[in-house]
Amino acid sequence: MADRIAKLLYGEKTVDLELPRTATLLEMKPLKGLEDPEGAVCRALEEPVESPPLSELARGRKNACVVVSDFTRPVPNRIILPPLLKVLEQNGIGRDRITILIATGMHRPNLGAELEHLVGREIMDNYPIVNHYCRKSGEYRKIDEIDGAPIEINNHYLDADLKILTGLIEPHFYAGYSGGRKAILPGISSLETMKFMHSFKMIDHPKVTNCVLQGNPFHEYGIRVTELAGADFILNVVINKQRDIAGVFAGHYDRAHLAGCDLVYEHSAVRLDKRFDMVVTSGGGYPLDATFYQISKALVCSMNIMKKGGPIVVACECREGLGNPEFCEIMRSGCGYQSFCERYSDPKDFVIDQWCAQNIYQATDHAGPIYVYSSGLSDTDIRAMGMIKIDDVQETLDNLIQRHPNTIVVPEGPYVVGMVS
């Protein structure tokens with residue numbers, strides 16, 4: 001008999017599920033939004049963590065580069081950017097000398113309506129804004145090597161007199177937490193650098209995972225590259241379940257970021273005393289679930305709290321389909337986990353987006369059947385990935401829970417991380 005309702009994030013809506021008493025509900029811990037987020041941003045700029053105020057840093061600088069996350073991240077740019085830009089202008093850096101650099105990583109550029117949604121019309125019309133293109137060699141230059149791999153960073157950033165990183169801190173299945181140094185690596189790095197940072201070997205490392213920094217090579221290389229490229233100041237935020245700003249962290253690229261990570265761990269990481277027989281989850285809602293590429297995060301989180309062989313049910317809108325062409329080619333190939341490993345573990349065979357495919361195949365290898373509820377994916381694509389398309393999440397849950405009463409439901413998907421003790 002149902003006694004609770006779980007609202008799975010799905011696109012810009014929710015899929016409502018009636019849960020039986022035997023199911024465990026895994027949700028973020030309550031985190032209150034700030035009453036005056038704009039004021040909190042202004043205070044953080046003037047009273048940063050282990051850094052002079054931004055106003056002091058800006059004085060006498062010839063120009064500035066402000067790095068912002070791309071469209072796939074729900075960063076509240078319309079709240080955090082205006083105070084930051086105002087401080088720069090008030091301290092002598094004109095609008096024409098402030099470049100806003102979109103850290104696309106290896107994603108597509110954000111243009112037109114997407115760009116307006118990202119930063120707002122006022123900023124879009126009045127500041128130089130450029131997208132990072134990881135495959136255009138003229139966009140970046142080499143600053144060092146790590147293990148023989150070139151470290152190549154965007155020229156707009158390297159040439160700036162004042163370097164500022166912005167972003168959102170949340171659990172991240174590679175870096176431990178997003179934000180901070182991740183705006184540079186992978187945000188504004190070249191494809192050749194990504195071949196190293198997203199290599200089969202790197203993604204296979206046991207400490208390249210959610211909410212782990214110590215001993216995590218993805219995080220440690222990110223810090224090293226940030227030190228090489230330089231970062232004068234960061235402005236990062238933490239948001240709650242309602243996507244209201246719940247914390248503002250500005251100042252030193254590492255110390256301010258770590259303070260934000262502590263808050264995220266407190267409300268997004270939940271200790272569990274056992275693994276579960278079945279997981280019902282979401283892709284995290286829009287914009288994260290715009291493509292199946294990003295659903296790898298939800299599948300990894302599910303795999304980490306589930307017994308081997310258990311089913312996963314995932315709700316993900318995927319209004320843009322599977323993802324980039326390279327990712328589509330891998331996922332439509334119909335190869336299994338072992339054949340994927342045999343082909344893509346060799347660095348010479350590296351293909352863009354193979355890392356998320358690697359995570360998905362890890363999940364399919366660990367799980368039993370994976371059921372996908374999605375209006376944006378075809379039955380053909382879902383079957384090619386070895387998964388099962390469903391038309392009703394409630395009906396699927398009701399049928400499966402009879403055999404898997406030890407079930408956990410995660411409405412926010414990868415935004416909340418279960419950690420089995």
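A few comments on the model shown:
- V409 being under 25 Å from E18 (Cα atoms) and touching a helix residue (DSSP H, G or I) at 6+ places or on another chain (Cβ under 6 Å): no
- When segment 4-21 is filtered for residues that are closer than 19 Å to C318 by Cβ and among the charged types (D, E, K, R), the ones remaining, listed by number, are K7, E12, K13.
- All positions within segment 280-306 that are closer than 25 Å to L213 by Cβ and more than 19 Å from the chain's Cα centre (by Cα): I305, M306
- Applying the condition of being within 21 Å of D392 (Cβ to Cβ) and of a type in the set (A, V, I, L, M) to segment 267-286 and asking which residue is surrounded by the most Cβ atoms within 10 Å (Cβ to Cβ) yields V280.
- Residues of segment 225-240 that turn out to be closer than 22 Å to S189 by Cβ and modelled with pLDDT under 95, as a count: 0
- Test: residue in segment 241-253 that is crowded, with 20+ Cβ neighbours inside 10 Å, assigned by TED's automatic domain parsing to the domain that holds A64 and among the polar types (S, T, N, Q): no
- Strands (runs of 3 or more DSSP E) lying entirely in segment 245-331 (those with 3 or more residues that are closer than 29 Å to E227 by Cα): 245-251
- Residue within segment 337-354 that is touching a Gly at 6+ places or on another chain (Cβ under 7 Å), over 30 Å from I5 (Cβ atoms) and not hydrophobic (A, V, I, L, M, F, W, C) present: yes
- Residue list for segment 131-142, restricted to those being surrounded by fewer than 15 Cβ atoms within 10 Å (Cβ to Cβ) and not basic (K, R): S137, G138
- Just one of (1) modelled with pLDDT of 95 or more; (2) in contact with a Lys or Arg (Cβ under 6 Å, 6 or more places away or on another chain) fails for F173. It is (1).
- Among the criteria (1) within 21 Å of D159 (Cβ to Cβ); (2) buried (at least 17 other Cβ atoms within 10 Å of the Cβ); (3) not aliphatic (A, V, I, L, M), the one N110 does not fulfil is (1).
- Single residue of segment 363-421 satisfying the filter (over 27 Å from the mean Cα position of the chain (by Cα) and assigned to a helix (DSSP H, G or I)) that is farthest from L8 (Cα to Cα): T380
- Any hit, segment 350-361, residues being touching a His at 6+ places or on another chain (Cβ under 6 Å), closer than 23 Å to I305 by Cα, in contact (Cβ under 8 Å) with a residue 12 or more places away in the chain and part of a helix (DSSP H, G or I): yes
- Filtering segment 241-257 to residues that are modelled with pLDDT under 95 and either over 12 Å from V75 (Cα atoms) or aromatic (F, W, Y) (or both) leaves K241, Q242.
- Checked across segment 287-309, the condition of being surrounded by fewer than 21 Cβ atoms within 10 Å (Cβ to Cβ), under 19 Å from G11 (Cα atoms) and either touching a Lys or Arg at 6+ places or on another chain (Cβ under 9 Å) or not assigned by TED's automatic domain parsing to the domain that holds D381 (or both) holds for at least one residue.
- Taking segment 117-135 as the range and being among the aromatic types (F, W, Y) and under 21 Å from P287 (Cβ atoms) as the test, only Y133 passes.
- F233 being assigned by TED's automatic domain parsing to the domain that holds A250 and over 23 Å from L57 (Cβ atoms): no
- A40 being of a type in the set (A, V, I, L, M), surrounded by fewer than 22 Cβ atoms within 10 Å (Cβ to Cβ) and not in a loop (DSSP other than H, G, I, E, B): yes
- Pick from segment 387-411, criterion charged (D, E, K, R) and farther than 12 Å from P369 by Cβ, ranking: surrounded by the most Cβ atoms within 10 Å (Cβ to Cβ): D398
- One residue alone among A6, A40, A58 is of a type in the set (G, A, S), at pLDDT 95 or above and under 30 Å from D392 (Cβ atoms), and that residue is A6.
The values are calculated or read from the model by the stated rules, or taken from the named source; none is laboratory data. What you see is a predicted model; the values in this text were computed from it and never measured. For neighbour counting, all protein chains shown are included, and Cβ atoms are generated from backbone atoms with ideal geometry for every residue, glycine included.
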